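Chemist: Dumping the structure here so I can ask a few things about it.
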Amino acid sequence: MTGKYVHWQRTFTSKAKHSYWMLACLCALFSLPVRAQYDPAFNHYWNLHSFYNPAASGLSGQLNVQGAYALQMLGYTHAPATMIITADLPLWMIGPAHGLGAGFVNDKIGLFEHKRFFIQYAYHQNLWGGRLSAGVRGGLLAETFDGSGLDVIDSGDQAFPTSEVNGTAFDLDAGLRFDAKNWYAGFSVMHTLAPLVELGDNKTNEYEVPQAFYLTGGYNIRLRNPLLSMQTSAIVRTDLQNWRGDITARLCYKGPKGKLYLGAAYSPTISASLLIGGDFHGVQIGYCYECYTSGIGALQGTHELSIGYTTDLNLFKKGRNKHQSVRLL
C-alpha cells in the first residue's frame with residue numbers, strides 16, 4: 001500500500017500466532033493507496049473542534065451540537081463510511097471557565113467497525129490577551145470484526161474467526177488550546193495510553209491503537225467589505241509513522257439573514273476538496289466533495305455532509321429562555 005488517506009493501518013498481533021487474517025483482509029480491501037492512521041479525518045475538522053481537541057469543550061459559551069457523515073471512495077466494495085456526533089456546552093452552574101462535552105463516532109471499514117463513546121471536560125482561563133484552555137477526555141473504544149465475511153481455505157485455523165468478534169478498551173485523550181482575537185492554535189494527543197483491544201471470547205487476537213498527535217490552527221482575515229471575511233485553518237495529524245495535513249480557506253459572507261461560505265482545501269499528496277455551506281438561525285449545514293489526487297478517479301471521491309446547531313441556553317441565569325405561548329401574542 002502506498003500512502004494516501006487517513007485511518008486504516010492497524011497493529012494486529014495474536015497470542016497464538018500473528019493475525020494474518022486481518023492483514024489479508026486489509027490488503028484485499030485497500031489495494032488502493034491509503035495513508036494509514038486510526039482516527040477518521042473529516043474535511044469539516046474546523047467545525048469539529050471539540051473532537052480533535054477536548055480543550056475546546058464549552059469554549060463558544062453556547063450549546064454546540066455538531067455532526068458529520070462521510071461516504072468515502074465511492075464505487076469501491078466495502079468502502080468506508082464514518083459518522084460523528086459531538087455536543088459541548090459551558091457549565092453555567094459553576095462558571096463559564098468550565099466546559100463539558102460528549103460524543104460518539106462510528107467508523108465502518110470493510111469487515112471492521114470502530115466505535116468510540118466519550119465524555120470530556122475543559123478549563124478556560126483568560127491569559128495574555130486571549131484564552132488558554134486545557135481539556136481531558138475519557139472514553140470507550142468498541143471494536144468489531146465480522147469473521148463471517150471471510151473466505152479462507154483453512155477454516156479450522158484459530159487465527160481466522162468464523163463469526164463476529166468484539167472487544168473494548170478504555171481510551172484517554174488530552175489537549176491544550178489558545179484563542180486570541182483573530183487566531184487560535186491547539187495541540188492534542190489521542191489514545192495517550194495506546195489501548196490494547198482483545199477480540200473474541202478467547203481473546204485470541206489483540207488490536208493495538210497507536211497514539212496520535214494533532215496540531216490545529218486558524219486565522220480570520222478581515223477584508224475591505226465588512227460583510228466578507230477569509231477564514232483559514234489547518235490541521236496536521238501523525239502517529240509518528242504516518243501523517244496527514246490539511247489546509248482550508250473559506251470566503252465567508254455574513255448578512256442580516258444568515259451566513260454563507262465557499263471554500264477549498266488541500267491535503268498534500270492526498271486530495272483537493274471543495275466546500276459550501278451556511279449558517280441560518282443557528283443551524284449550520286455544509287457539504288464537501290473530496291477528490292483524490294493519486295489516480296483513484298475524480299468520481300470515486302468522498303461526499304461529506306456536516307450539520308450543526310448552536311444556541312444560547314443558560315438555564316441558570318434569571319430571565320433567560322423565557323417563552324410566551326403563541327396564543328398570547
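Readers should treat all values here as calculations from the given coordinates under stated rules, not as data from a laboratory. These numbers were taken from a predicted model, which means no experiment stands behind them. With ideal geometry, Cβ positions are generated from the backbone for all residues, glycine too; neighbour counts draw on all protein chains shown.
Chemist: Quick check on region 30-130: take the gyration tensor over C-alpha atoms, sort the square-rooted eigenvalues as a ≥ b ≥ c, and tell me if it's rounded (a/c under 1.5), prolate or oblate.
Modeler: prolate
Chemist: Now for a different question. Do the alpha carbons of any pairs in 108/257; 181/254; 115/259 sit beyond 28 Å of each other, and which pairs?
Modeler: Correct reply: 108/257; 115/259.
Chemist: Report the full-extension gain for the segment residue 262 to residue 236: residue separation times 0.36 nm, less the Cα-Cα distance, to one decimal in nm.
Modeler: 7.1 nm
Chemist: Quick check: convex hull over the Cα atoms of region 62-105, volume per residue in Å³, rounded to an integer?
Modeler: 57
Chemist: Related question: Let me test this: with uniform point scatterers at the alpha carbons of region 224-277, what is the Debye-based log₁₀ I(q)/I(0) at q = 0.13, 0.20, 0.32 1/Å?
Modeler: For region 224-277, the Cα-only Debye profile gives -0.42, -0.74, -1.20.
Chemist: Turning to a different aspect of this structure: Tally Lys/Arg at +1 and Asp/Glu at -1 over every other residue whose Cβ is under 13 Å from the Cβ of residue 130; what's the total?
Modeler: Net of charged neighbours comes to +2.
Chemist: Another question, then. Evaluate E = 1/(1 + (r/R0)^6) for residue 192 and residue 311, where r is the Cβ-Cβ distance and R0 equals 22 Å; express this FRET efficiency to the nearest 0.05.
Modeler: Calculated transfer efficiency: 0.10.
Chemist: Please state the Cα pair-distance histogram of region 178-283 with 5 angstrom bins from zero: what percent is in each bin?
Modeler: Pair shares across the bins are 3, 10, 14, 15, 16, 12, 10, 7, 6, 4, 2, 1, 0, 0.
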